[in-house]
Amino acid sequence: MYLHHFENVKQYVQQNQHATNTQLFSFLALMNAYISHSYLYMSECKKILGPPDPIHGGPPFEKRMEPFTVFINTDGSNREHIAMIHPVLAQTAVELLADLRITRSATVKKLISSLCVDQPQPHIIQFIKDLLTKREMGENGKEKFSRLIEDIMTLENLYNTVSVLETASDTFSSKSIFPQTLSRLYYTREDIIDYSKAEEWARTAITKAPKNSYVADTLGQIYKNRLMREPRPLENIFNRARDAFKAFKDVEEKAEKEQGPGKPQDTASVVGISNSFNNRGLFGFIQVAKLAFEKLNHSQKHRSFIQNLQTEVEAKFTFFERYLTYSKPDKTKLEPDYFWKDVVLCYKQYTENSAAESTSFPGLLDRLNRGRFTSKGRRAKFVEYEVTVSDLEEIKNDLKSTYEANVDDVKVAERYILSNVILSNKMHNSPQLTPVKELQTILHRFLGTEVGPRSPEFYLLVLLLFWPEEQPQLVQEEDDEEMEEQASEDDGTEEDTRAETAQPSLEVMFDLDLQPYTTFMESAFGTAGYAKYLRGRYLLPLFFLGKGTGLRKWIHKSRLDAIVEKEVDAELANRQRGRRKWREKRRQITAMWVNGKVWHVPEIQDILLPVEVSYSKEHEKQKVSVHVGGKKIMATEEIVSEASVLGPMLFYLGFTIQGPVVFKVGFPHSSDE
C-alpha cells in the first residue's frame, strides 16, 4: 500500500535533495530504522525545517512535510514526539535515500551538527549514543559494533565509518564511548588493523574517563591482540606481554574501587559506579599469561618472568573458581564457553595441576556437576565423565586425613565436612560417610571463636548440619521406603544392608538458633568480598531442602539439573540434530528454570520438601521468613511463577552462597496448562 507513496518520495528527493523537509525525513528514518523507540520533539523538527513557523503565518507541519507526511506519526499519544509510523518503513526509507545518495553516514553527521552542537537535549545524546555504540546480542555473543556502524562499514566504506565516529568524539567531548569504539575498530577489523591508531584512540578515551575500568580495558585488549599476532623476535613478545599485564592491572585496580549503584560512596576511595564487577582485568591477565607461557616458556632469558607469574595465576584461578561456581551473568545467560577453558588451561600451564581435581570448597561443590550438559567443563569442550562414588569416597578420606593432621584449621574442616555432604548426594548410604553428630561436633568447636572472620561457606555448613528435622510421619515413612528401595538398587549386597543399619541417629546433638547464623552468613558475604564481586549476577542455588533426613535432606542442584536434562531430552528426541539441537537443548533447560516449569516436574516434586513461610514489613520493605523448628529464619525470595488462583502457595527452600532463598513456585499439584 505504501509503494505509490515511496515512488512519490523518490521523485521529490531527486528534485529536492537538500530541502529541509528531506533532511528531517532522513533523520527520522535513520533513527527509527536503528532505534525503534526514538523520536524528535516537535520543537526540534521546526528548528530543522526553519522559518516560517505556523504561528507566524507559515503552513502547518503536516503540509511542510509533504510528500513524507504519510510515513510520519503525528497523531500518537504524545503529539510532541515525532517519529516514523513503523520501523520497517523507516528501514525501507533509509535504503531508498541511500540509493539517492543520501547516505547513512552523511545523515548521522548532519543530525549531530544540526541538534548536538549547542546544548543538545539528553534524549538526543542518548539516541546518538545508541545509534553509534549500542551492540546487540548475536549468535556468538555481543556484536563488536552497533548495527548502524556495521552497515556503514559494509555498505559504504571505512573512511565514512571513521569520519562518523570522529565527528561524535569531537562533538561530545566528555563522552569516552566514541573514541573507545574507534579504538576497537582499529584493533579488531582484520582488513584495517592499525595498533598505533587503536592505542591513540584508547588513550583519548581514557583521558575522558580516567577512572572507568571498562574504558581502561580497551588498552589492555589492544596489547593482548597485538601479542596474539606478534611474530618473533622474543623481545617484542616480552614487551607486548609486559605492556598488557600493566594495562590489565590498571583495569583491576580501577574495578576494585568501583561500587554498585545505591551504595554509600567514600569519595576518598570510591571513584565510580558499576552495576556489576568488571572482571576483564582479571580475565585479561589470565589470557595474557597463557599467551606469554606459550610464546616465552622455552626462552631461557624469560624463564624467570614466566615463573614469577605463578602465584598470581593461582590467585586468579581461585577467584574464577568461586565466581563461576557461585554465580552466573543472570538467570537466562551463561558465561562464554571459552571463559572457563582459558582459566583452566592457564592454571595447568603454570601449576601442572588439573582444575578438575580441585578439592577447594567451590571445587567440591562442582564435582557433582561433572558430565552434566550445562557444566562449565562440558561447555568449555573438555572431556568430562560423571564422578563416581569411589572417587568421592577417596576424596572424603583424603580430606579426613588432612583434617586430622590440622584439627584447628577451619578451612580444612569446612572441606572435610562438605565432602561428606557431596558424597551423601551421590550415595546416601555409603559406609564411608562420617556420622552427622561427629561432623556437628567438629563444626561446633569453631562456633564460639572468631565469629567475625568466618566465611559464607562456614555458615552455609552450619545451616546444613544443624537444620532441624521437621518431617511429617507419613512423608518420613515414604522416605524410609524409598531409602530401602534405593539401597537394593545400588547393589543389593549384604555390605549395603550393614551400611544402612550403621547410619547414625538423626537426633540433633546441638539445639542452635539458626537465625543469628543466617545473619552472620549474609554479613560474611559482604566482608568476604562476594557482595562486591558477584553484584549484578544471579546467585546460583547450591542445595535445596529435600524430603530425606540427616545429610540426605540436602539436594545438590546437579540432581535437579539431571532430571531437567532428561525431560528436555525426551521432548527433543528425533526433532533436531547437530549443533542446532545442542543450542535448543540449552535454551529449553534454561527456560525451564526461568519460567518455573522445573518445579512442576513430578520427579522433582517427589524429592523436594515444601516449607512454610510468612511475610512481614521492616522499614517499608517486605521480609520473608521460613518456619523451622518452631522458629523463624529470615530469607530472600525468588518468585518463579505468579499465582493465578486463590489457595495455599507452595514454597521450596534453597541456599546460595549468600544464604537461604525461598522459591515461590505456585500451587501444589499444579500443571503447566
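Odds and ends about this structure:
- Within segment 175-197, residues that are within 19 Å of residue 147 (Cβ to Cβ) have Cβ atoms under 6 Å from residues that are surrounded by fewer than 16 Cβ atoms within 10 Å (Cβ to Cβ) in these pairs: 188/144, counting only partners at least 6 apart in sequence or on another chain.
- Selection within segment 598-629: residues that are in contact with a Leu (Cβ under 9 Å, 6 or more places away or on another chain) and in a strand (DSSP E or B). The member of this set that is modelled with the lowest pLDDT is 628.
- Top-ranked residue of segment 521-537 - restricted to ones that are outside any helix (DSSP H, G or I) and not basic (Lys, Arg), ranked as modelled with the highest pLDDT: 534
Each row is one residue, and each column tells you yes or no for (1) in contact (Cβ under 8 Å) with a residue 12 or more places away in the chain; (2) closer than 14 Å to residue 177 by Cβ.
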position: 119; (1), (2): no, no
position: 122; (1), (2): no, no
position: 129; (1), (2): yes, yes
position: 135; (1), (2): no, yes
position: 146; (1), (2): yes, yes
position: 150; (1), (2): no, no
position: 159; (1), (2): no, no
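- Of the residues making up segment 1-18, those that are in contact with a helix residue (DSSP H, G or I) (Cβ under 8 Å, 6 or more places away or on another chain) and more than 15 Å from residue 84 (Cβ to Cβ) are 10, 12, 13, 16.
- The residues listed here are 192, 152, 206, 177; of these, the one that is out of contact with any His (no Cβ under 8 Å at 6 or more places or on another chain), closer than 29 Å to residue 107 by Cα and modelled with pLDDT under 95 is 192.
- Within segment 28-38, considering residues that are surrounded by fewer than 24 Cβ atoms within 10 Å (Cβ to Cβ) and under 19 Å from residue 120 (Cα atoms), the one modelled with the lowest pLDDT: 37
- Residue in segment 361-376 that is at negative phi and surrounded by fewer than 16 Cβ atoms within 10 Å (Cβ to Cβ) present: no
One line per residue, one yes/no per condition, for (1) of a type in the set (Gly, Ala, Ser); (2) within 26 Å of residue 134 (Cα to Cα):
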position	(1), (2)
18	no, no
23	no, yes
27	no, yes
30	no, yes
50	yes, no
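- If you go through segment 649-668 and keep only what is farther than 13 Å from residue 605 by Cβ and either free of Cβ contacts under 8 Å to residues at least 12 places away in the same chain or not in a strand (DSSP E or B) (or both), you end up with 649, 656, 657, 658, 659.
- Some residue of segment 299-313 being open to solvent by less than 30 Å² (accessible area, probe 1.4 Å) and small (Gly, Ala, Ser): yes
- Remark: residue 246 falls outside the filter, which requires a residue to be at pLDDT below 95, farther than 24 Å from residue 348 by Cβ and basic (Lys, Arg).
- With respect to the conditions (1) at pLDDT below 95; (2) surrounded by 22 or more Cβ atoms within 10 Å (Cβ to Cβ), residue 424 lacks only one, and its number is (1).
- Selection within segment 4-19 - assigned to a helix (DSSP H, G or I), under 19 Å from residue 104 (Cβ atoms) and open to solvent by 10 Å² or more (accessible area, probe 1.4 Å): 6, 10, 14
- Segments classed as helices (runs of 4 or more DSSP H), wholly inside segment 313-381, with at least 3 members that are in contact with a helix residue (DSSP H, G or I) (Cβ under 8 Å, 6 or more places away or on another chain) and modelled with pLDDT under 95: 376-379
- Selection within segment 613-637 - open to solvent by 60 Å² or more (accessible area, probe 1.4 Å) and under 11 Å from residue 663 (Cα atoms): 636, 637
The values are calculated or read from the model by the stated rules, or taken from the named source; none is laboratory data. No experiment lies behind these values; they were computed from the predicted model shown. As a convention, Cβ positions derive from the backbone with ideal geometry for all residues, glycine included, and neighbour counts pool all protein chains shown. Areas reflect the complete protein model, heavy atoms only, side chains present, ligands, DNA and RNA absent. Shrake-Rupley method; radii C 1.70, N 1.55, O 1.52, S 1.80 Å.
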